[in-house]
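Below you'll find the structure, written out as C-alpha coordinates, and then a few comments.
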Amino acid sequence: MGEVILPFILIILVYAASATNPVPKGLSYNFYDKTCPQLEDTVRAALNPVFITDPTTAPALLRLMFHDCQVQGCDASILIDVSDSAPSKPSELGAKKNFGIRKRELINQIKSRLEIECPGQVSCADIIVLAARESVAISGGPRIKVPLGRRDSLSASSSEVADASLPSSDIGVDDTLSLFAKLGMTTQETVAIMVMIAGSHTLGITHCLNIMDRLYMPSNAKASSMDPRFEALLKFSCPEFTPLSQNTSFVFNDPSTFIFDNLYYQNSLQRRGVLRIDAELPLNIKTAGIVEHFAANDDDFFQEFTSAFLKLSYAGVLTGNHGVIRSMCNFVDN
(Lines give C-alpha, C1' and ligand atoms only; values in the text may rest on other atoms or scores of the structure.)
Protein backbone atom coordinates (compact mmCIF):
# COMPACT_ATOMS: atom_id res chain seq x y z
CA MET A 1 0.00 0.00 0.00
CA GLY A 2 3.06 2.25 -0.06
CA GLU A 3 2.93 3.14 3.64
CA VAL A 4 4.87 2.27 6.77
CA ILE A 5 3.08 -0.40 8.80
CA LEU A 6 3.70 -0.65 12.52
CA PRO A 7 4.61 -4.12 13.85
CA PHE A 8 1.33 -4.52 15.72
CA ILE A 9 -0.92 -3.66 12.80
CA LEU A 10 -3.64 -6.13 11.96
CA ILE A 11 -5.25 -6.57 8.54
CA ILE A 12 -6.74 -3.24 7.45
CA LEU A 13 -10.20 -3.48 5.99
CA VAL A 14 -11.79 -0.84 3.80
CA TYR A 15 -15.37 0.13 4.57
CA ALA A 16 -17.54 2.49 2.59
CA ALA A 17 -20.82 3.18 4.35
CA SER A 18 -22.18 5.80 1.97
CA ALA A 19 -25.29 3.77 1.26
CA THR A 20 -26.53 4.18 4.82
CA ASN A 21 -24.94 7.58 5.37
CA PRO A 22 -26.10 10.12 2.77
CA VAL A 23 -23.30 12.60 2.11
CA PRO A 24 -24.18 16.19 3.13
CA LYS A 25 -24.49 18.71 0.32
CA GLY A 26 -21.12 20.23 -0.48
CA LEU A 27 -19.03 17.19 0.48
CA SER A 28 -17.84 14.59 -2.01
CA TYR A 29 -15.40 11.71 -2.32
CA ASN A 30 -13.53 13.43 -5.16
CA PHE A 31 -13.61 16.99 -3.83
CA TYR A 32 -9.84 17.57 -4.16
CA ASP A 33 -9.19 15.47 -7.26
CA LYS A 34 -8.34 18.54 -9.35
CA THR A 35 -7.25 21.09 -6.74
CA CYS A 36 -5.05 18.89 -4.51
CA PRO A 37 -4.93 15.30 -5.83
CA GLN A 38 -1.98 14.35 -3.59
CA LEU A 39 -3.83 15.40 -0.39
CA GLU A 40 -4.34 11.99 1.20
CA ASP A 41 -0.81 10.83 0.34
CA THR A 42 0.61 13.99 1.90
CA VAL A 43 -1.40 13.52 5.11
CA ARG A 44 -0.36 9.89 5.35
CA ALA A 45 3.31 10.65 4.67
CA ALA A 46 3.32 13.31 7.39
CA LEU A 47 1.67 11.07 9.97
CA ASN A 48 3.42 7.72 9.49
CA PRO A 49 6.77 8.75 11.05
CA VAL A 50 4.97 10.32 13.99
CA PHE A 51 2.89 7.19 14.59
CA ILE A 52 6.13 5.20 14.79
CA THR A 53 7.98 7.52 17.18
CA ASP A 54 4.94 8.35 19.33
CA PRO A 55 2.22 5.66 19.40
CA THR A 56 0.06 7.91 21.59
CA THR A 57 -0.55 10.06 18.49
CA ALA A 58 -3.43 7.95 17.18
CA PRO A 59 -5.69 8.25 20.26
CA ALA A 60 -4.79 11.94 20.55
CA LEU A 61 -5.94 12.63 16.98
CA LEU A 62 -9.14 10.66 17.45
CA ARG A 63 -9.97 12.67 20.56
CA LEU A 64 -9.10 15.89 18.73
CA MET A 65 -11.63 15.11 16.00
CA PHE A 66 -14.38 14.20 18.46
CA HIS A 67 -13.86 17.34 20.53
CA ASP A 68 -13.84 19.50 17.41
CA CYS A 69 -16.96 17.98 15.85
CA GLN A 70 -18.95 17.92 19.09
CA VAL A 71 -18.61 21.69 19.59
CA GLN A 72 -20.29 23.72 16.81
CA GLY A 73 -19.45 21.04 14.24
CA CYS A 74 -16.41 19.71 12.34
CA ASP A 75 -14.98 23.15 11.56
CA ALA A 76 -11.48 23.12 13.13
CA SER A 77 -12.62 25.64 15.74
CA ILE A 78 -10.69 23.72 18.39
CA LEU A 79 -7.46 24.74 16.70
CA ILE A 80 -8.07 28.49 17.14
CA ASP A 81 -5.99 29.91 19.97
CA VAL A 82 -8.29 32.82 20.94
CA SER A 83 -12.05 33.29 20.72
CA ASP A 84 -12.77 36.31 18.50
CA SER A 85 -16.16 36.81 20.13
CA ALA A 86 -14.58 37.12 23.59
CA PRO A 87 -10.78 37.54 23.26
CA SER A 88 -10.32 38.16 26.98
CA LYS A 89 -12.02 34.91 27.95
CA PRO A 90 -10.80 31.33 27.56
CA SER A 91 -11.51 30.04 24.06
CA GLU A 92 -12.93 26.66 23.12
CA LEU A 93 -9.57 25.01 23.67
CA GLY A 94 -9.49 26.35 27.23
CA ALA A 95 -12.60 24.44 28.26
CA LYS A 96 -12.14 22.14 31.25
CA LYS A 97 -13.36 19.17 29.22
CA ASN A 98 -10.66 19.87 26.62
CA PHE A 99 -7.98 19.14 29.20
CA GLY A 100 -5.33 16.89 27.67
CA ILE A 101 -6.09 17.75 24.03
CA ARG A 102 -2.86 17.13 22.11
CA LYS A 103 -1.33 17.08 18.61
CA ARG A 104 -2.91 20.33 17.42
CA GLU A 105 0.54 21.30 16.19
CA LEU A 106 0.60 18.21 13.98
CA ILE A 107 -2.44 19.46 12.08
CA ASN A 108 -0.66 22.79 11.62
CA GLN A 109 2.42 21.01 10.28
CA ILE A 110 0.36 19.10 7.73
CA LYS A 111 -1.40 22.32 6.76
CA SER A 112 1.97 24.00 6.15
CA ARG A 113 2.96 21.23 3.75
CA LEU A 114 -0.31 21.49 1.90
CA GLU A 115 -0.03 25.27 1.61
CA ILE A 116 3.19 24.67 -0.35
CA GLU A 117 1.72 21.92 -2.53
CA CYS A 118 -1.75 23.37 -3.13
CA PRO A 119 -2.11 26.77 -1.45
CA GLY A 120 -5.49 27.94 -0.27
CA GLN A 121 -7.30 24.73 -1.12
CA VAL A 122 -7.47 22.33 1.84
CA SER A 123 -9.31 23.16 5.05
CA CYS A 124 -7.99 22.45 8.51
CA ALA A 125 -11.34 20.75 9.22
CA ASP A 126 -10.71 18.18 6.48
CA ILE A 127 -7.16 17.61 7.74
CA ILE A 128 -8.48 16.79 11.24
CA VAL A 129 -10.91 14.22 9.80
CA LEU A 130 -8.25 12.67 7.56
CA ALA A 131 -5.78 12.50 10.45
CA ALA A 132 -8.36 10.71 12.61
CA ARG A 133 -9.14 8.34 9.73
CA GLU A 134 -5.45 7.50 9.39
CA SER A 135 -5.19 6.98 13.15
CA VAL A 136 -7.86 4.29 13.01
CA ALA A 137 -6.29 2.55 10.02
CA ILE A 138 -2.67 2.61 11.23
CA SER A 139 -3.79 1.17 14.57
CA GLY A 140 -5.38 -1.87 12.96
CA GLY A 141 -8.92 -0.59 12.47
CA PRO A 142 -10.91 -0.13 9.29
CA ARG A 143 -9.73 2.23 6.55
CA ILE A 144 -12.70 4.51 6.22
CA LYS A 145 -13.46 6.28 2.97
CA VAL A 146 -14.49 9.82 3.91
CA PRO A 147 -16.04 12.56 1.76
CA LEU A 148 -14.28 15.92 1.90
CA GLY A 149 -15.06 19.57 1.29
CA ARG A 150 -15.45 20.96 4.82
CA ARG A 151 -14.55 24.57 5.40
CA ASP A 152 -13.14 26.21 8.52
CA SER A 153 -15.04 28.36 10.98
CA LEU A 154 -14.42 32.06 11.39
CA SER A 155 -14.35 31.82 15.17
CA ALA A 156 -14.16 29.42 18.10
CA SER A 157 -16.76 28.84 20.77
CA SER A 158 -16.24 30.04 24.31
CA SER A 159 -14.98 27.63 26.93
CA GLU A 160 -18.44 27.68 28.52
CA VAL A 161 -20.12 26.55 25.29
CA ALA A 162 -17.51 23.84 24.79
CA ASP A 163 -17.95 22.50 28.33
CA ALA A 164 -21.72 22.42 27.84
CA SER A 165 -21.40 20.57 24.52
CA LEU A 166 -18.89 17.88 25.48
CA PRO A 167 -19.85 14.83 27.57
CA SER A 168 -18.56 14.55 31.11
CA SER A 169 -16.28 11.71 32.14
CA ASP A 170 -19.09 10.24 34.28
CA ILE A 171 -21.78 10.26 31.59
CA GLY A 172 -24.16 7.27 31.67
CA VAL A 173 -25.68 5.15 28.93
CA ASP A 174 -29.01 6.96 28.53
CA ASP A 175 -27.40 10.38 28.24
CA THR A 176 -24.86 9.01 25.78
CA LEU A 177 -27.58 7.54 23.58
CA SER A 178 -29.39 10.89 23.61
CA LEU A 179 -26.20 12.78 22.81
CA PHE A 180 -25.42 10.77 19.69
CA ALA A 181 -29.03 10.42 18.59
CA LYS A 182 -28.78 14.14 17.81
CA LEU A 183 -26.23 13.21 15.15
CA GLY A 184 -28.55 10.56 13.74
CA MET A 185 -26.71 7.61 15.23
CA THR A 186 -28.42 4.34 16.02
CA THR A 187 -27.88 2.53 19.31
CA GLN A 188 -25.44 0.18 17.57
CA GLU A 189 -23.48 3.10 16.15
CA THR A 190 -23.41 4.83 19.52
CA VAL A 191 -22.00 1.76 21.24
CA ALA A 192 -19.39 1.55 18.48
CA ILE A 193 -18.36 5.23 18.67
CA MET A 194 -17.78 4.82 22.42
CA VAL A 195 -14.25 3.66 21.61
CA MET A 196 -13.57 7.19 20.34
CA ILE A 197 -14.82 9.40 23.18
CA ALA A 198 -13.74 10.18 26.75
CA GLY A 199 -10.09 9.49 26.01
CA SER A 200 -10.54 7.14 23.05
CA HIS A 201 -11.50 3.98 24.91
CA THR A 202 -9.93 1.36 22.67
CA LEU A 203 -6.81 3.50 22.21
CA GLY A 204 -4.95 5.65 24.68
CA ILE A 205 -5.29 6.58 28.33
CA THR A 206 -7.69 8.00 30.92
CA HIS A 207 -6.47 10.66 33.35
CA CYS A 208 -6.92 9.83 37.01
CA LEU A 209 -8.99 12.96 37.64
CA ASN A 210 -11.74 11.43 35.48
CA ILE A 211 -12.14 8.31 37.60
CA MET A 212 -11.54 9.47 41.19
CA ASP A 213 -15.25 9.69 42.03
CA ARG A 214 -15.92 6.27 40.56
CA LEU A 215 -13.08 4.75 42.55
CA TYR A 216 -13.67 6.44 45.90
CA MET A 217 -17.19 7.93 45.89
CA PRO A 218 -19.34 5.66 43.71
CA SER A 219 -22.97 6.74 43.30
CA ASN A 220 -24.13 3.49 41.71
CA ALA A 221 -22.82 0.41 43.48
CA LYS A 222 -23.85 -1.99 40.70
CA ALA A 223 -22.35 0.05 37.91
CA SER A 224 -19.25 0.78 39.99
CA SER A 225 -18.59 -2.88 40.70
CA MET A 226 -15.26 -3.89 39.21
CA ASP A 227 -13.07 -6.91 39.03
CA PRO A 228 -11.24 -6.66 42.40
CA ARG A 229 -7.80 -7.03 40.87
CA PHE A 230 -8.55 -4.37 38.27
CA GLU A 231 -9.91 -2.02 40.92
CA ALA A 232 -6.74 -2.50 42.99
CA LEU A 233 -4.63 -1.69 39.93
CA LEU A 234 -6.58 1.52 39.29
CA LYS A 235 -6.32 2.61 42.91
CA PHE A 236 -2.59 1.92 42.89
CA SER A 237 -2.22 4.11 39.79
CA CYS A 238 -4.63 6.77 41.11
CA PRO A 239 -4.23 7.07 44.91
CA GLU A 240 -7.08 8.80 46.73
CA PHE A 241 -5.18 11.52 48.58
CA THR A 242 -2.85 12.86 45.90
CA PRO A 243 -4.97 15.56 44.20
CA LEU A 244 -1.98 17.45 42.80
CA SER A 245 -1.00 14.45 40.67
CA GLN A 246 -4.43 13.79 39.22
CA ASN A 247 -3.84 16.07 36.24
CA THR A 248 -0.76 14.15 35.14
CA SER A 249 -1.41 10.61 36.40
CA PHE A 250 -3.23 8.24 34.08
CA VAL A 251 -4.18 4.63 33.42
CA PHE A 252 -4.20 2.74 30.14
CA ASN A 253 -7.69 2.07 28.79
CA ASP A 254 -7.01 -1.59 27.99
CA PRO A 255 -4.06 -3.98 27.53
CA SER A 256 -4.02 -3.33 23.76
CA THR A 257 -3.66 0.42 24.29
CA PHE A 258 -2.28 1.18 20.83
CA ILE A 259 -4.35 -1.28 18.80
CA PHE A 260 -7.81 -0.49 17.47
CA ASP A 261 -9.77 -3.64 18.35
CA ASN A 262 -12.83 -4.93 20.19
CA LEU A 263 -11.04 -5.66 23.47
CA TYR A 264 -12.82 -2.66 25.00
CA TYR A 265 -16.11 -4.59 24.90
CA GLN A 266 -14.53 -7.76 26.25
CA ASN A 267 -13.12 -5.78 29.18
CA SER A 268 -16.51 -4.19 29.86
CA LEU A 269 -18.11 -7.63 30.08
CA GLN A 270 -15.39 -8.71 32.51
CA ARG A 271 -16.01 -5.66 34.75
CA ARG A 272 -12.69 -4.14 33.75
CA GLY A 273 -14.03 -0.87 32.37
CA VAL A 274 -12.28 2.32 33.45
CA LEU A 275 -15.14 4.84 33.27
CA ARG A 276 -18.76 4.73 34.40
CA ILE A 277 -20.01 4.29 30.83
CA ASP A 278 -17.69 1.29 30.39
CA ALA A 279 -19.35 -0.39 33.36
CA GLU A 280 -22.93 0.50 32.42
CA LEU A 281 -22.89 -0.57 28.76
CA PRO A 282 -23.06 -4.33 29.49
CA LEU A 283 -25.69 -3.77 32.21
CA ASN A 284 -28.16 -1.58 30.31
CA ILE A 285 -30.91 -3.50 28.51
CA LYS A 286 -30.56 -1.21 25.48
CA THR A 287 -26.86 -1.87 24.98
CA ALA A 288 -25.97 -5.17 26.70
CA GLY A 289 -26.63 -7.35 23.65
CA ILE A 290 -24.65 -5.04 21.39
CA VAL A 291 -21.66 -5.11 23.73
CA GLU A 292 -21.73 -8.92 23.76
CA HIS A 293 -21.98 -9.01 19.96
CA PHE A 294 -19.11 -6.56 19.39
CA ALA A 295 -16.97 -8.44 21.91
CA ALA A 296 -17.33 -11.57 19.77
CA ASN A 297 -17.44 -10.04 16.28
CA ASP A 298 -14.94 -7.36 15.38
CA ASP A 299 -16.08 -7.19 11.73
CA ASP A 300 -19.55 -6.01 12.78
CA PHE A 301 -17.98 -3.61 15.27
CA PHE A 302 -15.78 -2.18 12.49
CA GLN A 303 -18.81 -1.77 10.22
CA GLU A 304 -20.86 0.08 12.83
CA PHE A 305 -17.87 2.20 13.84
CA THR A 306 -17.32 3.20 10.22
CA SER A 307 -20.92 4.35 9.93
CA ALA A 308 -20.72 6.24 13.23
CA PHE A 309 -17.40 7.86 12.28
CA LEU A 310 -18.93 9.21 9.08
CA LYS A 311 -21.97 10.60 10.89
CA LEU A 312 -19.70 12.30 13.40
CA SER A 313 -17.62 13.77 10.56
CA TYR A 314 -20.79 15.28 9.05
CA ALA A 315 -21.72 17.18 12.22
CA GLY A 316 -22.36 20.87 11.56
CA VAL A 317 -20.10 21.02 8.50
CA LEU A 318 -19.54 24.30 6.69
CA THR A 319 -19.47 23.97 2.91
CA GLY A 320 -19.76 26.07 -0.24
CA ASN A 321 -19.74 29.77 0.61
CA HIS A 322 -19.98 29.15 4.35
CA GLY A 323 -16.79 29.33 6.35
CA VAL A 324 -13.26 29.90 5.06
CA ILE A 325 -10.04 28.08 4.18
CA ARG A 326 -7.58 29.27 6.82
CA SER A 327 -3.96 29.71 5.74
CA MET A 328 -2.88 28.68 9.26
CA CYS A 329 -5.03 26.50 11.45
CA ASN A 330 -4.57 28.23 14.79
CA PHE A 331 -5.88 31.66 13.80
CA VAL A 332 -8.38 33.20 11.40
CA ASP A 333 -6.99 35.30 8.56
CA ASN A 334 -7.91 38.97 8.48
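Tabulated results
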item	result
Of all residues in region 19-66 being of a type in the set (S, T, N, Q) and closer than 14 Å to Ile127 by Cα, the one that is surrounded by the most Cβ atoms within 10 Å (Cβ to Cβ)	Thr42
Of the criteria (1) within 21 Å of the chain's Cα centre (by Cα); (2) modelled with pLDDT of 95 or more, which one Asn267 fails	(2)
Residues located in region 148-160, provided they are basic (Lys, Arg) and open to solvent by 10 Å² or more (accessible area, probe 1.4 Å)	Arg151
Selection count, region 293-330, where residues are in a loop (DSSP other than H, G, I, E, B) and either without any contact (Cβ under 8 Å) to a residue 60 or more places away in the chain or closer than 19 Å to Gly73 by Cβ (or both)	14
Candidate set: region 97-122, residues that are in contact with a helix residue (DSSP H, G or I) (Cβ under 9 Å, 6 or more places away or on another chain) and in a loop (DSSP other than H, G, I, E, B); chosen: the one surrounded by the fewest Cβ atoms within 10 Å (Cβ to Cβ)	Phe99
When residues of region 74-85 are limited to those that are surrounded by fewer than 20 Cβ atoms within 10 Å (Cβ to Cβ) and either charged (D, E, K, R) or modelled with pLDDT of 95 or more (or both), the one nearest to Ser155 (Cα to Cα)	Asp84
Residue satisfying all of: in region 161-184; within 20 Å of Leu64 (Cβ to Cβ) and part of a loop (DSSP other than H, G, I, E, B); least open to solvent (accessible area, probe 1.4 Å) among these	Leu166
Qualifying residue in region 301-308 (condition: open to solvent by 50 Å² or more (accessible area, probe 1.4 Å), touching a helix residue (DSSP H, G or I) at 6+ places or on another chain (Cβ under 8 Å) and more than 30 Å from Cys208 (Cβ to Cβ))	yes
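To keep it simple, each residue is scored yes or no on (1) at pLDDT below 95; (2) more than 19 Å from the chain's Cα centre (by Cα).
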{"site": "Gln109", "(1), (2)": "no, yes"}
{"site": "Ile116", "(1), (2)": "no, yes"}
{"site": "Glu134", "(1), (2)": "no, no"}
{"site": "Val146", "(1), (2)": "no, no"}
{"site": "Leu154", "(1), (2)": "yes, yes"}
{"site": "Ser158", "(1), (2)": "yes, yes"}
{"site": "Pro167", "(1), (2)": "yes, no"}
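The values are calculated or read from the model by the stated rules, or taken from the named source; none is laboratory data. As the structure is a computational prediction, the values presented were derived from the model and not from experiment. Using ideal geometry, Cβ is built from the backbone for each residue, glycine included, and neighbour counts are taken over all protein chains shown. Each accessible area value is taken on the protein alone, full model and side chains, heavy atoms only, with ligands, DNA and RNA left out. Shrake-Rupley method; radii C 1.70, N 1.55, O 1.52, S 1.80 Å.
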